[in-house]
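Heads up: the structure comes next, in structure tokens.
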Amino acid sequence: MTYSPSSVLKAETFPTYDSIPSQQVKTDSTENKYVYIDNIFVIGNKKTKKSIILREMSIHTGEYFYEPDLEDIIQQDRNKIFNTRLFNTVEVSLLELQDDKVDVIVKVSERWYTFPVPIFDLVDRNFNDWWQNQNHDLSRVNYGLKLFQNNVRGRNERLKLVAQFGYTKQFEVAYYVPYLDKSQRHGISFLYSYAENKNIPYRTVDHKREFLDSEDVLRVQKQYGLGYQFRNSFYSTHRVNLYFFDNWVNDTVTLENPNYYLDNDRKQQYFGITYNFEYDKRNNVTYPLKGLKIAAFARKYGLGLYNDINQLELGGQYSKYMDLGKDYFLSNYSSAYVSFPENQPYSNLKGLGYYNDFIRGYELYVVESKSFLLNRSTLKKRLLSFSTDLNFIPIDQFKTVPIDIYFKLYLDMGYSENLTNYNQNTMLTDRYLFGYGAGFDIVSYYDTVIRLEYSMNREMEHGLFVHFRKEF
């Protein structure tokens, strides 16, 4: 027999998604004991392979577990299964057979896995950039169709197909296989993407991007990718990706900005290799309230086969989420980034304002830089948590809609180091920046998060900002 008297931190119950009754093995008032796991039964997995669910569980058949730890271990396993994003609900309970023997019952409700999604996307960095900087111009949209086929073969494999037109014409195919082997540790991914634009940002002045418009194609980008993933534990994942980029711009672009690809070049071809590490122990990856996440990356663009670029990027993030009790929650996010060399192509510049690294209150700006530090803190209070049934919807996976609403206060701060000779953007670099405000988060199923935030920055600029993803 194998004994597993492990001590596991108790995971936070997430009311919108959790429907687990309080389950315990009968407690012996005189002495604690070990409990034998006789069987694990999975119910409701019409498509998902049982092995994909068991991969996320610390509990195994034929093992003994220390009774006082079981409730915490079960909650941790429930969180891990839910965080695969394959299920709308997950319940884990115990069925007592004898004094020291139990069965584990895992009941899941599968998501809808096929999403043919019409594309109507804004091309700008965020809704606020489009609404204010671009005067909510409806011509700056993409349209077409995306097809997401999740949980292919019931093994959590994912297929993505994109046919997009409008502002950016794009065609993409990507396939992700999380587990190739029986031990379920090794995975691979493939990517091909083609995109062409008739309108592109060609320079940044006073931290706002300026655009070129043309009847002709201004830029073509091709990307080929091959990835390898190693998941050696429940919470740690290593990823290595190899890319080849083949980019081209019209001579109109280089006339306006000779450093778009550096040295007046119109073509940019290079290989890139990236390494990413993640340690993710959040109770819910869609909208975490408790736990932590650590991430680090190294990216090398230009591997010596072409001389079009030679750039190195290093960075990392740390996120901490705390339950303060009485429906109060505190979260903090820190991010650091540094890049080399000083002279970089405009097309490859990064900084505050790109991706998820920005200071709230500065959504209308990009702070391109060689390096930056960022810290974001949020205190929130859960106001409402309920579910409503939409019985007129014919698909069962969409009928029950969970909704959580939070009120929050937040404070962000950061610092960016300017690039050498990047004199057209100095207002927000090499100085301490901060933003603060209040807002509401609305959380629902299928990873839906709507954030309404009223923010003010150091420049005393203020306004209402809307976001459609979690903070960090």
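The values are calculated or read from the model by the stated rules, or taken from the named source; none is laboratory data. Quantities reported herein were computed from a predicted structural model and do not represent experimental measurements. All Cβ positions, glycine included, derive from the backbone under ideal geometry; neighbour counts span all protein chains shown.
Could you tell me which residue of the stretch 387-416 is surrounded by the fewest Cβ atoms within 10 Å (Cβ to Cβ), considering only residues that are over 26 Å from the mean Cα position of the chain (by Cα) and touching a residue at least 12 places away in the same chain (Cβ under 8 Å)?
Residues of the stretch 387-416 that are over 26 Å from the mean Cα position of the chain (by Cα), as a first pass: 388-396.
Filter once more, keeping what is touching a residue at least 12 places away in the same chain (Cβ under 8 Å): 388-389, 395.
Numbers: THR388: 9, ASP389: 9, ILE395: 7.
Among them, the one singled out is ILE395.
Against the conditions (1) of a type in the set (Lys, Arg); (2) surrounded by 19 or more Cβ atoms within 10 Å (Cβ to Cβ); (3) more than 20 Å from THR168 (Cα to Cα), where does ARG219 fall short? Just the number, please.
(3)
From the residues in the stretch 54-98 that are among the basic types (Lys, Arg) and closer than 15 Å to ASN284 by Cβ, which one is surrounded by the fewest Cβ atoms within 10 Å (Cβ to Cβ)? Outline the logic, then answer.
Within the stretch 54-98, the first condition is being among the basic types (Lys, Arg), and the residues that meet it are 55, 78, 80, 85.
Now drop any that are not closer than 15 Å to ASN284 by Cβ, which leaves 78, 80, 85.
Numbers: ARG78: 26, LYS80: 21, ARG85: 15.
That would be ARG85.
Mind counting the residues in the stretch 417-448 that are more than 21 Å from the chain's Cα centre (by Cα) and part of a loop (DSSP other than H, G, I, E, B)?
Summing the residues that are more than 21 Å from the chain's Cα centre (by Cα) and part of a loop (DSSP other than H, G, I, E, B) in the stretch 417-448 gives 14.
Residue check: is THR388 polar (S, T, N, Q) and outside any strand (DSSP E or B)?
Answer is no for this residue.
Would you check if there is a residue in the stretch 193-214 being surrounded by fewer than 15 Cβ atoms within 10 Å (Cβ to Cβ), free of Cβ contacts under 8 Å to residues at least 60 places away in the same chain, within 28 Å of THR84 (Cβ to Cβ) and out of contact with any Ser or Thr (no Cβ under 9 Å at 6 or more places or on another chain)?
No; the residues of the stretch 193-214 include none that is surrounded by fewer than 15 Cβ atoms within 10 Å (Cβ to Cβ), free of Cβ contacts under 8 Å to residues at least 60 places away in the same chain, within 28 Å of THR84 (Cβ to Cβ) and out of contact with any Ser or Thr (no Cβ under 9 Å at 6 or more places or on another chain).
Go through the residues of the stretch 354-361 one by one and say whether even a single one is surrounded by 16 or more Cβ atoms within 10 Å (Cβ to Cβ) and in a strand (DSSP E or B). Walk me through it before giving the result.
Within the stretch 354-361, the subset surrounded by 16 or more Cβ atoms within 10 Å (Cβ to Cβ) is 357-361.
From the residues that got through so far, the ones that are in a strand (DSSP E or B) too are 357.
Yes, the stretch 354-361 contains a residue that is surrounded by 16 or more Cβ atoms within 10 Å (Cβ to Cβ) and in a strand (DSSP E or B).
Kindly provide the set of residues from the stretch 253-312 that are touching a helix residue (DSSP H, G or I) at 6+ places or on another chain (Cβ under 8 Å), surrounded by fewer than 18 Cβ atoms within 10 Å (Cβ to Cβ) and either basic (Lys, Arg) or under 30 Å from SER377 (Cβ atoms) (or both), ordered by number.
ARG266
Please go through the stretch 214-242 and give me each residue that is more than 21 Å from GLN268 (Cα to Cα) and in contact with a strand residue (DSSP E or B) (Cβ under 6 Å, 6 or more places away or on another chain), ordered by number.
Scanning the stretch 214-242 gives GLY227, TYR228, GLN229, PHE230, ARG231, TYR235, SER236, THR237, HIS238, ARG239, VAL240.
ASP28 versus (1) at pLDDT below 95; (2) surrounded by 20 or more Cβ atoms within 10 Å (Cβ to Cβ): which is the lone unmet condition?
(2)
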